[in-house]
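The values are calculated or read from the model by the stated rules, or taken from the named source; none is laboratory data. Predicted model, so just to flag it, every value in this text is computed and none were measured. Because the Cβ atoms are built from the backbone with ideal geometry, glycine has one as well, and the counts that use them run over all protein chains shown. Please note that ligands, DNA and RNA were not included when accessible areas were found on the heavy atoms of the full protein model with its side chains. Shrake-Rupley method; radii C 1.70, N 1.55, O 1.52, S 1.80 Å.
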Amino acid sequence: MNDGSATLKASVLDVLRSRLRGASLIPGDEGYDAARRVWNGAIDRHPSCIVGCADAEDVSHAVRIAADNGLQMTVRGGGHNVAGRSIRDGSLLLDLSKLRQVAVNGDLRVATVQGGAVWRDVDGATATEGLATTGGLISSTGVGGFTLGGGAGWLMRKYGLACDNLRGAGVVLADGRFVRASLQEHADLFWGLRGGAGGLGVVTSFDFQLHPLREVLAGLIVHPAEHAVEALRAFRDFATNGPDEFCGVAVIAHAPPLPFLDSAWHGRPVVLFAVCWSGDLAQGETALAELRGHGQPVVDHIGRMPYAQWQQIQDPLAPRGHYYYWKTANYAALSDRTVNDLAAMAYRLPTMRSEIHLQHMGGAVSRFAAEDSAFAHRNTPFFVNFIGITDSANALGSLREGIRALHDKASREAVPGVLTNFADLDDSDDLRRFGLQNAGRLEALRKKYDPVGIFQGA
């Protein structure tokens, strides 16, 4: 198998351009440099060719051409993965970003989503029917990578992860054949698509189960960092026993310039509770009263809003093109010691835009049978993401050092596993991402469905 390090042969480029409706770009072509960029500006890689796909038939042709010529490829949907797994130096890059159609069957409560869609595409289409499914916290996140990696979102505690809501998928295999994967067809492949992080084929369409949901009770509660210990303990205790309809994130950050926050607080260390209630709204008012009643918050800005609107609330905090570095840790329980460590980090964030996110799972996530999908972390009640952000390439080295130091301090009581969607390149060990049994099963599946190793990036 050619690793793609050599320049793409002119004959292969000619075949791609003659058989595909989409454009194929190589270094030096107009638009190549813009097309090779992904969400994380720290990823600076140069594929041998960017193969734009206009439809699923283009995908099949491109994969078959790659197989015939012994070329490896990566697949990009939204390009939002922090580690940049969708792009490799010297490989073909199969770009699905034009495939963003969403078809909603309101009677069956199923959405069929093309492989290049992002979550705002899905949320907008399903909202018109008063329906929703678990999606990314940032609306520009690609549906494909998010779902293949598991997919933790605001609705997961009530309805499960994105991969739990997957009912079927259309997949182009390594030999260019198109197959359907579901519980009834290619069930082993379907197992691997749900949490196995890809590498088994190119998913050109996803069928998601939808659920009735128009509005949520959601918003932010802001506490001063001086009371971070008490605030984080209150969040932990509430989340541990909270109803399935509740999902929240405790964010340690410098306060962003929120319009409803007194400007005197902008830029100061704070703890923010981002909360979402996806059940009966009147019941939510009662259920959230305990958390909202804790301490003396700087501001409590929670109210009813369309779910699709809430899905885009965090978008300004994760702009495309900034330089990102993440670490992540899972916890079987969140001790006072870990809470104290996290609270102290409000004053040690490496940049003004860096954040620490304390999140919880449980609920429906933990009730899906572990053996039914490749997702390996159903019994993880809490996980913490250490999110480094800078707008300066020169600061990237110190940013990584700072985030690693925070992670090392706070992860002394963490369990070995990591959630693959939040894992940067230095957290790519398959045993940690999938567990021993699932990692072995996934390796066997990749040998079955991609025996010569065409697909990279999982």
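Overview of values
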read-out: Cβ-placed point charges (K, R +1; D, E -1), dipole of the chain about Cα centre in debye, nearest 20; value: 500 debye
read-out: Mean separation of Cα contacts under 8 Å, 6 or more apart, over the residue count of the chain: relative contact order %; value: 17 percent
read-out: Whole-angstrom Cα spans of segment 214-284 along principal axes, big to small; value: 36, 26, 14
read-out: Portion, in percent, of the accessible area of segment 327-390 that falls on carbon or sulfur, probe 1.4 Å; value: 53 percent
read-out: Rel. contact order, % - alpha carbon contacts under 8 angstrom, at least six apart, segment 114-167; value: 34 percent
read-out: Residue-normalised accessible area of segment 1-71, expressed per residue, 1.4 Å probe, Å²; value: 48 Å²
read-out: From phi via Karplus (6.51, -1.76, 1.60), per-residue ³J(HN,Hα) for segment 146-162 in Hz, x at Gly/Pro; value: 4, 5, 4, x, x, x, 8, x, 4, 9, 5, 6, 9, 10, x, 5, 4
read-out: Segment Asn69-Asp55, length gained on full extension (0.36 nm per residue, minus Cα span); value: 2.9 nm
read-out: Relative contact order (%) - criterion: Cα under 8 Å, at least six apart; region: segment 332-458; value: 25 percent
read-out: Positive-end residue, segment 143-295 charge dipole about Cα centroid, Cβ charges, pick of Pro224, Ala264, Met156; value: Met156
read-out: Among 95-108, 39-52, the order from most to least packed when residues are scored by Cβ within 10 Å on average; value: 39-52, 95-108
read-out: Distance between segment 32-63 and segment 276-308 - C-alpha centres, whole angstrom; value: 42 Å
read-out: Listed residues Asn241, Ala42, Ser140: farthest to the positive end of the dipole of the chain (Cβ charges); value: Ala42
read-out: Full-stretch length increase - Asp280, Asn340 - with 0.36 nm per residue and alpha-carbon distance subtracted; value: 18.2 nm
read-out: Where N is the number of residues in segment 22-112, Cα Rg divided by 2.2 N^0.38 Å; value: 1.20
read-out: Cα gyration tensor shape for segment 395-458, rounded if a/c is under 1.5, else prolate or oblate; value: oblate
read-out: Residues Asp262 and Leu431, FRET efficiency given R0 of 41 Å [Cβ-Cβ distance, rounded to 0.05]; value: 0.30
read-out: Nearest-ten-degree value, helix 430-449 long axis tilted from longest Cα axis of the chain; value: 20 degrees
read-out: Listed residue (Val384, Pro316, Val299) projecting farthest to the positive dipole end of the chain, Cβ model; value: Val384
read-out: Sequence-distant residues sharing a close amide H with Ser24 (under 5 Å, placed H); value: Gly52
read-out: Cα centroid of segment 313-382 to Cα centroid of segment 165-236, whole Å; value: 16 Å
read-out: Qualifying trypsin sites (Lys or Arg not before Pro) for segment 193-276 [loop in DSSP, other Cβ within 10 Å: at most 15]; value: Arg214
